[in-house]
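> Supplied in structure tokens, the structure appears directly below.
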Amino acid sequence: MSSKSHISYATRAINHPNPLTAKLFSIAEAKKTNVTVSADVTTSAELLDLADRLGPYIAVLKTHIDILEDLTPSTLSSLQSLATKHNFLIFEDRKFIDIGNTVQKQYHGGALRISEWAHIINCAILPGEGIVEALAQTTQSPGFENASERGLLILAEMTSKGSLATGTYTERSVEYARRYKGFVMGFVSTKALSDVRAEGKEDDGEDFVVFTTGVNLSDKGDKLGQQYQTPESAVGRGADFIIAGRGIYKAEDPVEAAKRYREEGWNAYLKRIGQ
């Protein structure tokens, strides 16, 4: 368990050196939610409808923007407006995984122009430390806007059966995060990782945020190897934010489902901090 897991979001927000992470914790505290909805829908209308209806109950909306069949600049501007309206962050689950020169172009240019609208992105570190360095450098380039509201999560572990994101790979994820704290917010992982030692010494002053995927209140998995856990078990293992997809947007009433996940996730958090 992370040394910060027992501390409230409000306190972590006040003391956090990363401005985007501080904002995220402030949002969670203000809205009493640690829910991230994974809106894996394929049309702009569905995405914007979910963002508007679920926005009041979530801290983060996670997108796969490249699966939209009808993406336009209007989609992205509307999504940004809804994020402001309902006070949530946008997490584009692009999973960058390439050499530095390529990921810089994918993040800051191309058709998607992710850096212009997504607060949070993520990457896998299979290419090595250079991918983290390249993405961090992009936000430091002249003319880059909103650098203080851009951050990276390292994909350190996955919930799919047989995942190879274990052992040395996970250790390196923590090591790279420590080297780029100004940009790296934390991890997508199945548990808190701050106690993973780097060079034989734990950094007691660090405070990486943990997002955990595969949270579902009713199912235990799917036919493609996804393995689910409950909000209580995820938060109990160190998750600061729980990511739920089909359990919410495929529910008969997505709003009621979002409310239920918010309640369960928040109660698990209160239990963890001793309240």
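> As a check on your grasp of the helix formula, calculate [θ] at 222 nm for the chain: sum -39500 (n - 2.57) over DSSP H runs of n ≥ 4, divide by the residue count, round to the nearest 500.
-11500 deg cm²/dmol
> OK, next. Name the residue, out of 251, 147, 83, whose mean-square fluctuation peaks in a Gaussian network model built on the chain with Cα pairs under 10 Å.
251
> Which listed residue (257, 275, 61) has the Cα farthest towards the positive end of the charge dipole for the chain, taking +1 on Lys and Arg C-beta and -1 on Asp and Glu C-beta about the Cα centre?
275
> What FRET efficiency do you get for residue 267 and residue 111 if R0 is 45 Å and r is their Cβ-Cβ distance, rounded to the nearest 0.05?
The formula returns an efficiency of 0.60 here.
> Going from the alpha-carbon gyration tensor of the range 1-117, what semi-axes, largest first and in whole Å, does one get by taking the root of 5 times each eigenvalue?
26, 19, 12
> Using 5 Å bins from zero, what percent of all Cα-Cα pairs in the range 1-67 falls into each bin?
3, 17, 21, 19, 15, 12, 8, 4, 0
> Along the Cα→Cβ direction, 7 angstrom out, place labels at residue 141 and residue 250. What is the inter-label distance in nm?
Inter-label distance under the simple model: 3.8 nm.
> What size of dipole, in debye to the nearest 20, comes out for the range 81-199 about its Cα centre when the only charges are +1 on Lys and Arg C-beta atoms and -1 on Asp and Glu C-beta atoms?
160
> With the cut-off at 33 Å, report for the chain the share of all Cα pairs above it, as a whole percent.
Everything past 33 Å amounts to 14 percent.
> Would you work out the Kirkwood radius for the range 233-275? I mean one over the mean of 1/r across all pairs of different Cα atoms, in Å. If you can, show how the numbers build up before the last one.
Numbers: mean 1/r = 0.0920 Å⁻¹.
So the Kirkwood estimate lands at 10.9 Å.
> Can I ask one more? Please report the spacing between the Cα centers of the range 7-42 and the range 121-140 in Å, no decimals.
22
> Compute, for the chain, the length of the dipole vector about the Cα centre, with Cβ point charges of +1 (Lys, Arg) and -1 (Asp, Glu) only. Units Debye, rounded to 20.
Value, rounded to 20: 440 debye.
> Over 20 Å between Cα atoms, which of 62/271; 85/181; 4/191; 32/85; 191/271; 23/95 qualify?
Violating the 20 Å limit, Cα to Cα: 62/271; 85/181; 23/95.
> Taking all protein chains as present, what is the carbon and sulfur share of the accessible area of the chain, in % to the nearest whole number, probe 1.4 Å?
49
> Which one, 128, 112, 139, projects farthest toward the positive side of the charge dipole computed for the range 81-139 from Cβ point charges (K/R +1, D/E -1)?
112
> Can you work out the accessible area per residue across the chain, with the rest of the protein chains kept in place, probe 1.4 Å, in square angstrom?
Values: 12090 Å² over 275 residues.
I get 44 Å² per residue for this part.
> Nothing charged except the Cβ atoms of Lys and Arg (+1) and of Asp and Glu (-1): what's the magnitude of the dipole of the range 1-118 about its Cα centre? Round to the nearest 20 debye.
Working: 12 positive and 12 negative charges, 132 e Å.
I would put it at about 640 debye.
> At a Förster distance of 30 Å, what's the computed FRET efficiency of residue 72 paired with residue 32, Cβ-Cβ distance as r, to 0.05? List each step's numbers first, then the result.
Numbers: r = 34 Å, r/R0 = 1.14.
The formula returns an efficiency of 0.30 here.
The values are calculated or read from the model by the stated rules, or taken from the named source; none is laboratory data. What you see is a predicted model; the values in this text were computed from it and never measured. In this analysis, Cβ positions are derived from the backbone assuming ideal geometry, glycine residues included, and neighbour counts consider all displayed protein chains. Each accessible area value is taken on the protein alone, full model and side chains, heavy atoms only, with ligands, DNA and RNA left out. Shrake-Rupley method; radii C 1.70, N 1.55, O 1.52, S 1.80 Å.
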